[in-house]
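Worksheet: the structure to be examined is printed underneath.
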Amino acid sequence: MSGPAFLMCPPDYYEIAYEINPWMSLRRSVDKAKAASQWNHFYELLTKQIKVKVELLNSVPGLPDLVFTANGGLVRKRIFVRSNFRHKERKAEAGYFEKWFKKKGYLIKTIAQPFCFEGEGDALFMGQELYTGFHFRSDVEAHDALSGYLRASYFALELADKRFYHLDTCFAPLDEKTALVYLPAFEAYAQLVLLENIPDPVRVPEKEALCFACNVVVAGRNVVIPSGCPETTRELENRGFHVYALDFSEFIKAGGAGKCLVLKI
Ligand code: ARG
């Protein structure tokens, strides 16, 4: 086993039970067998081929979005900063994450109410630098507390397109210099910040951004990308990444793909 370790949650109770982002529609239900098979393929790829360590959180009836573990909080070394979810439908998830990390001996940090913070969905490290997204889900005030806990300086990026409501739907650091980015999802100033600070920004086209091309899982030089993103795949391969394309269609119905299904621990 090498590289990062991830926390995942099996999709036993995953469904579309409410609408809290533009991707979710109560009229478009999940094919549960297909969701289970997509999740299992992803899990097998990570654990058997890419050989990363994956720990599991038990699924909970009535919390369908618990599969999206990226939103549980943010981990740095042995510190876990717990999320404060924006929507009432997801608020109860926070306690399950906290319990899991407490049991594993992490130091638990919380963000003062009323500020919202949705974990790795809105906070991504690129080297030692933290990039945070705010507007739709997380509050910028939460990111100030977060950077204090983790002793990391941060760039706060304002999101501008509700289809890209979490930072990890439009931005993905790949290594110290390269990141995938769908620029139109950001306010003008945030676009400048990204272009000024990222040595090699790979600009994802709209068509592929809408297939969640930025929602990639990175483990060393391995990248797991949703299928239907040939241009982005080519850009990654040109930079020496080994790219695996997987079908996440059942999870995209809820507004997430592979990256949202894992939390770095
Ligand atoms: N249905 C979930 C929500 O709207 C999807 C979460 C996707 N997670 C992510 N890290 N982008 O909260």
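Restricting region 167-205 to residues that are assigned to a loop (DSSP other than H, G, I, E, B) and away from the ligand (no atom under 16 Å from the Cβ) leaves a set whose member that is surrounded by the fewest Cβ atoms within 10 Å (Cβ to Cβ) is Pro199.
Just a yes or no: is a residue in region 206-224 more than 22 Å from Asn40 (Cα to Cα) and buried (at least 20 other Cβ atoms within 10 Å of the Cβ)? There is at least one residue in region 206-224 that is more than 22 Å from Asn40 (Cα to Cα) and buried (at least 20 other Cβ atoms within 10 Å of the Cβ).
Residues in region 95-111 that are buried (at least 20 other Cβ atoms within 10 Å of the Cβ) and either over 20 Å from Leu124 (Cβ atoms) or touching a His at 6+ places or on another chain (Cβ under 8 Å) (or both): Trp100 only. For region 38-97, a tally of residues being aliphatic (A, V, I, L, M), within 15 Å of the ligand (Cβ to nearest atom) and either assigned to a helix (DSSP H, G or I) or at positive phi (or both) returns 4. Taking residues in region 81-92 that are without any contact (Cβ under 8 Å) to a residue 24 or more places away in the chain, and partners anywhere that are within 12 Å of the ligand (Cβ to nearest atom), the pairs with Cβ atoms closer than 6 Å and at least 6 places apart or on different chains are Lys91/Phe85. Determine whether region 148-155 contains at least one residue that is in a helix (DSSP H, G or I), touching a residue at least 60 places away in the same chain (Cβ under 8 Å) and more than 30 Å from Ser25 (Cβ to Cβ). Checked against the condition, which is being in a helix (DSSP H, G or I), touching a residue at least 60 places away in the same chain (Cβ under 8 Å) and more than 30 Å from Ser25 (Cβ to Cβ), region 148-155 yields at least one hit. Pairing each residue of region 254-265 that is in contact (Cβ under 8 Å) with a residue 60 or more places away in the chain and more than 8 Å from the ligand (Cβ to nearest atom) with any residue that is of a type in the set (A, V, I, L, M) and assigned to a loop (DSSP other than H, G, I, E, B), provided the two are 6+ apart or on different chains, yields C-beta distances under 7 Å for Gly258/Val216.
Any read-out appearing in this document is the output of simple, stated calculations on the displayed coordinates, not a laboratory observation. Please read these numbers as outputs of a predicted model, since none were measured by experiment. Note that each Cβ is placed from the backbone with ideal geometry, even for glycine, and that neighbours are counted across all protein chains shown.
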